[in-house]
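Only one structure is covered here, and it is reproduced in the block below.
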Amino acid sequence: MSESASGWAEPDVFTGPLFESLKRHPKRIVFSEGEDERVIQVADEMVRLGIGAPILLGNREKIYALAKECGAKMEFVNVIDPTKADDLDLFTERLIRIEKLKGVRLANPRETVSRDHFFAAMMIQYGQADAMVGGNQHLPATIHRALVQLVKPMPGIEHPFTAAIMVSETMPHFGPNGVLYLADCGISDIPTVSELTNIAVQTGRLAHHYLDRRVRVAMLSHSTMNSGASDSATRVRAATEAARAIVTQNRYELEIDGELQADVALDPLAAEVKLPQMTSRPAADVLVFPNLDAAHISMKLLRHLGGADKYGQLVLGLTRPAAQVPRTVTRRSLLGTVAAVGTEAIKHHEMYPHG
């Protein structure tokens with residue numbers, strides 16, 4: 001995807017505060033696919049901004065040749081070739097142990113660990129990097145598989161999911177501050193009630209971490225408050241009630257609304273017409289979709305037709321921060337994704353100061 005030569009690293013309403021936070025608490029970000037000019041330029045910009053220590057995986061000679069071609073400085077950029085890494089034997093032993101506990105015996109565990117995305121997942125799981133970004137040269141399922149297999153899940157989360165962070169300062173009704181969080185845009189085909197519940201609560205908590213205020217989560221449907229009957233709407237209604245119960249029990253700074261049509265969730269005038277009994281309804285910060293098709297298509301339309309910037313997708317439900325980006329990712333989107341996972345790593349360090 002084309003991108004203007006200048007201004008791609010300029011902060012916006014979302015990334016600006018994150019850059020400032022990371023300048024005070026820079027984090028180690030591992031890029032699983034480092035043999036990419038976009039990654040190399042973003043790594044150079046990370047060092048220039050002072051927001052993190054980039055780690056690029058791949059062939060050392062090829063990465064340095066690409067850096068020379070694009071004029072990127074490689075000072076303070078760590079390059080690791082997984083096939084020659086000092087930790088390859090250690091990671092191989094750990095993979096054998098992990099798979100043995102599952103009753104699985106790998107034919108060639110060393111070869112598996114030497115794959116860039118598996119090696120990156122091992123690095124974040126065992127504290128040799130604070131967060132991982134991958135997908136710029138691989139299919140999404142490849143990145144998800146490595147993360148699910150090697151990174152410990154959060155307690156109570158059976159299946160990880162993804163959240164995309166969208167930013168537009170020009171489109172109307174684009175969240176209260178020009179930022180929207182969309183989930184699940186990458187993994188869950190048709191989420192169960194339990195999965196939708198976790199998606200709503202955890203994505204809301206993610207948004208609260210970034211926004212530092214009470215967050216409104218909208219559970220989307222073709223129906224608004226029983227206006228339509230379908231199995232999908234029934235599932236969304238049940239997940240809404242379950243999510244509200246968790247929020248109340250844990251006193252999270254979230255409000256869960258559902259089931260809602262998209263216009264009611266985002267446009268206060270539409271909400272006034274369709275829900276006259278509900279006064280002063282602000283726009284939602286988080287949109288939770290009933291299925292993967294709806295979420296992914298909406299994300300792509302906002303990006304490619306609406307012109308919104310997209311950061312992530314962040315892979316949630318894991319105990320380590322990670323993000324999967326598309327193969328069409330721009331430098332701007334990649335840098336913003338780095339800021340997002342780096343800020344998540346700050347939160348993780350605050351929660352678990354001793355690892």
Could you please find all residues in the stretch 116-143 being over 20 Å from I63 (Cα atoms) and either in contact with a Ser or Thr (Cβ under 6 Å, 6 or more places away or on another chain) or among the polar types (S, T, N, Q) (or both)? Q125, Q128, T142
For L287, the lone unmet condition from (1) more than 25 Å from K23 (Cβ to Cβ); (2) in a loop (DSSP other than H, G, I, E, B) is (2)
Kindly indicate whether any position in the stretch 153-164 is surrounded by fewer than 24 Cβ atoms within 10 Å (Cβ to Cβ) and within 19 Å of E241 (Cα to Cα). yes
Contact list, first residue from the stretch 194-215 and in contact (Cβ under 8 Å) with a residue 24 or more places away in the chain, second anywhere and among the β-branched types (V, I, T) and surrounded by fewer than 22 Cβ atoms within 10 Å (Cβ to Cβ), beta-carbon distance below 8 Å, six or more apart or interchain, is T197/I246; N198/I157; V201/I246; V201/V247; Q202/I157; G204/V247
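Could we say that S232 is touching a Pro at 6+ places or on another chain (Cβ under 6 Å), among the hydroxyl-bearing types (S, T, Y), in the same structural domain as V179 (by TED's automatic domain parsing) and in contact (Cβ under 8 Å) with a residue 24 or more places away in the chain here?
For S232, the condition - touching a Pro at 6+ places or on another chain (Cβ under 6 Å), among the hydroxyl-bearing types (S, T, Y), in the same structural domain as V179 (by TED's automatic domain parsing) and in contact (Cβ under 8 Å) with a residue 24 or more places away in the chain - is met.
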In the stretch 210-254, anything β-branched (V, I, T), closer than 30 Å to L22 by Cβ and buried (at least 21 other Cβ atoms within 10 Å of the Cβ) is listed as V215, V217
Which pairs do you get when a residue that is basic (K, R), found in the stretch 59-78, comes within reach of a residue that is outside any helix (DSSP H, G or I), reach meaning Cβ atoms under 7 angstrom, with the pair 6+ apart or on two chains? R60/V79; R60/D81; K62/E35
Quick one: is L49 assigned by TED's automatic domain parsing to the domain that holds F119, modelled with pLDDT of 95 or more, within 24 Å of the chain's Cα centre (by Cα) and under 21 Å from M123 (Cβ atoms)? no
So which helices (runs of 4 or more DSSP H) stay within the stretch 70-138 end to end and still have 2 or more residues that are in contact with a Cys (Cβ under 6 Å, 6 or more places away or on another chain) and on the phi < 0 side of the Ramachandran plot? none
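For (1) among the aliphatic types (A, V, I, L, M); (2) buried (at least 19 other Cβ atoms within 10 Å of the Cβ); (3) free of Cβ contacts under 8 Å to residues at least 12 places away in the same chain, each residue gets a yes or a no:
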residue: R24; (1), (2), (3): no, no, yes
residue: I29; (1), (2), (3): yes, yes, no
residue: I40; (1), (2), (3): yes, yes, no
residue: P54; (1), (2), (3): no, yes, no
residue: D87; (1), (2), (3): no, no, no
residue: I96; (1), (2), (3): yes, no, no
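With in contact (Cβ under 8 Å) with a residue 60 or more places away in the chain and either under 28 Å from D212 (Cβ atoms) or among the acidic types (D, E) (or both) as the only criterion, which of A262, A283, A239 stands out?
Numbers: A262 fails: in contact (Cβ under 8 Å) with a residue 60 or more places away in the chain; A239 fails: in contact (Cβ under 8 Å) with a residue 60 or more places away in the chain.
Step by step, each of A262, A283, A239 is checked, and only A283 is in contact (Cβ under 8 Å) with a residue 60 or more places away in the chain and either under 28 Å from D212 (Cβ atoms) or among the acidic types (D, E) (or both).
So how many residues does the stretch 268-303 have that are of a type outside the set (K, R) and modelled with pLDDT under 95?
Looking only at the stretch 268-303, we keep the residues that are of a type outside the set (K, R), and these are 268-273, 275-280, 282-299, 301-302.
From what is left, the residues that are modelled with pLDDT under 95 are 268-273, 275-280, 282-283.
Number of matching residues: 14.
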Here is a list of conditions, (1) surrounded by 14 or more Cβ atoms within 10 Å (Cβ to Cβ); (2) touching a helix residue (DSSP H, G or I) at 6+ places or on another chain (Cβ under 8 Å); (3) of a type outside the set (S, T, Y), and P282 meets all of them except one; can you say which number that is? (1)
Every residue from the stretch 196-232 that is within 23 Å of L275 (Cα to Cα), hydrophobic (A, V, I, L, M, F, W, C) and at pLDDT 95 or above: A200, V215, V217, A218, M219, L220
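D44 - would you say it is charged (D, E, K, R), exposed (fewer than 15 other Cβ atoms within 10 Å of the Cβ) and either modelled with pLDDT of 95 or more or not in a helix (DSSP H, G or I) (or both)? It would help to see each step written out before you state the result.
Values: charged (D, E, K, R): yes; exposed (fewer than 15 other Cβ atoms within 10 Å of the Cβ): no; either modelled with pLDDT of 95 or more or not in a helix (DSSP H, G or I) (or both): yes.
No, not satisfied.
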Among the candidates D257, D189, single out the residue that is acidic (D, E), surrounded by fewer than 18 Cβ atoms within 10 Å (Cβ to Cβ) and not assigned by TED's automatic domain parsing to the domain that holds T337. D189
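The values are calculated or read from the model by the stated rules, or taken from the named source; none is laboratory data. Quantities reported herein were computed from a predicted structural model and do not represent experimental measurements. With ideal geometry, Cβ positions are generated from the backbone for all residues, glycine too; neighbour counts draw on all protein chains shown.
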